[in-house]
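Asker: Let me begin by handing over the structure; questions about it come next.
The values are calculated or read from the model by the stated rules, or taken from the named source; none is laboratory data. All of these numbers come straight from a predicted model, not from anything done at the bench. A quick note on method: Cβ atoms are made from the backbone with ideal geometry, for glycine too, and the neighbour counts reach across all protein chains shown. Heavy atoms of the whole protein, side chains included, go into the accessibility calculation; ligands, DNA and RNA do not. Shrake-Rupley method; radii C 1.70, N 1.55, O 1.52, S 1.80 Å.
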Amino acid sequence: MFWSIGGPGSGKGTQCPKIVEHFGFTHLCAGDLLQAEIESESENGTMIHNFKKEGKIVPSEITVKLLQQAMQQSDNKRFIIDGFPRNEENRAAFENIVGLESFYVNSKSYNLLLLKIKPEFVLFFDCPEEELTRRILNRNQGRVDDNIETIGKRLKVYFESTLPVINYYNSKGKVQKIDAQRSVDEVFEDVKSVFAKFKPVARVDSTK
């Protein structure tokens, strides 16, 4: 398991599917899980919508539970967790909430000890604020938080809350920094170089 962290618009969401294709990981995007919950029109979905509209971080317990559910439902136990943790509370909540769980997959019982699991490394997509703003405004995905006012709030939260998480893992020698200003292909070459250090097995059918 590893974290994929970067500011909104840093390209981590573009790189993760390439990692999935090349190395066979399962991609869990915290933002996509939250968006799916919004679209479900559940009570939690309404609350998540309001947090995102204000550019605020969704409460850790909600995001962790969504990640936990997605991990339990997957047959593949090699995960890229994208866009999480976004602050120190997220990081602590993941360790505290995702403990020893018994669950069933295809009628078979599994025990998944996640409490002691730490990310093998943190893939940090580094990109300056001006470039992040330009990319978000240009992507026009129709998201409630893709407007200039909310973008400013999101970037403020990122620099104040997420960078300390990166610094925490950097102090433990786990951060692999990627210059995310370049083209998608150039960035992925650096990503592959990082993975080569940790020797994950590439998919046999991967040609990229």
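Asker: Please identify the pairs in which a residue from region 162-187 that is in contact (Cβ under 8 Å) with a residue 40 or more places away in the chain and aromatic (Phe, Trp, Tyr) has its Cβ atom under 6 Å from the Cβ atom of a residue that is open to solvent by less than 10 Å² (accessible area, probe 1.4 Å) and not in a loop (DSSP other than H, G, I, E, B), counting only partners at least 6 apart or on another chain.
Answerer: Every condition considered, the pairs that remain are Tyr169/Val122.
Asker: Which ones in region 155-185 are more than 14 Å from Glu88 (Cβ to Cβ), in contact with a strand residue (DSSP E or B) (Cβ under 9 Å, 6 or more places away or on another chain) and open to solvent by 70 Å² or more (accessible area, probe 1.4 Å)?
Answerer: Those that are more than 14 Å from Glu88 (Cβ to Cβ), in contact with a strand residue (DSSP E or B) (Cβ under 9 Å, 6 or more places away or on another chain) and open to solvent by 70 Å² or more (accessible area, probe 1.4 Å): Lys177, Gln181.
Asker: Let me ask you something else. Which ones in region 41-60 are outside any helix (DSSP H, G or I) and either open to solvent by less than 60 Å² (accessible area, probe 1.4 Å) or closer than 24 Å to Phe79 by Cα (or both)?
Answerer: Ser42, Gly55, Ile57, Val58, Pro59
Asker: Scan region 11-63 for residues that are touching a residue at least 40 places away in the same chain (Cβ under 8 Å) and over 15 Å from the mean Cα position of the chain (by Cα) and jot them down.
Answerer: Within region 11-63, Glu21, His22, Phe23, Gly24, His49, Lys52, Lys53, Glu54, Gly55, Lys56 meet the criteria.
Asker: Still on this structure: So, in region 120-134, exactly how many residues are open to solvent by less than 20 Å² (accessible area, probe 1.4 Å) and in a helix (DSSP H, G or I)?
Answerer: The number of residues fulfilling the criteria is 1.
Asker: Give just the number: which of (1) within 30 Å of Lys197 (Cα to Cα); (2) in a loop (DSSP other than H, G, I, E, B); (3) open to solvent by 50 Å² or more (accessible area, probe 1.4 Å) does Asp32 not satisfy?
Answerer: Here Asp32 clears every test but (2).
Asker: Out of everything in region 1-22 that is aliphatic (A, V, I, L, M) and closer than 23 Å to Ile57 by Cα, what residue ends up being surrounded by the most Cβ atoms within 10 Å (Cβ to Cβ)?
Answerer: Going through the qualifying residues, I end up with Ile5.
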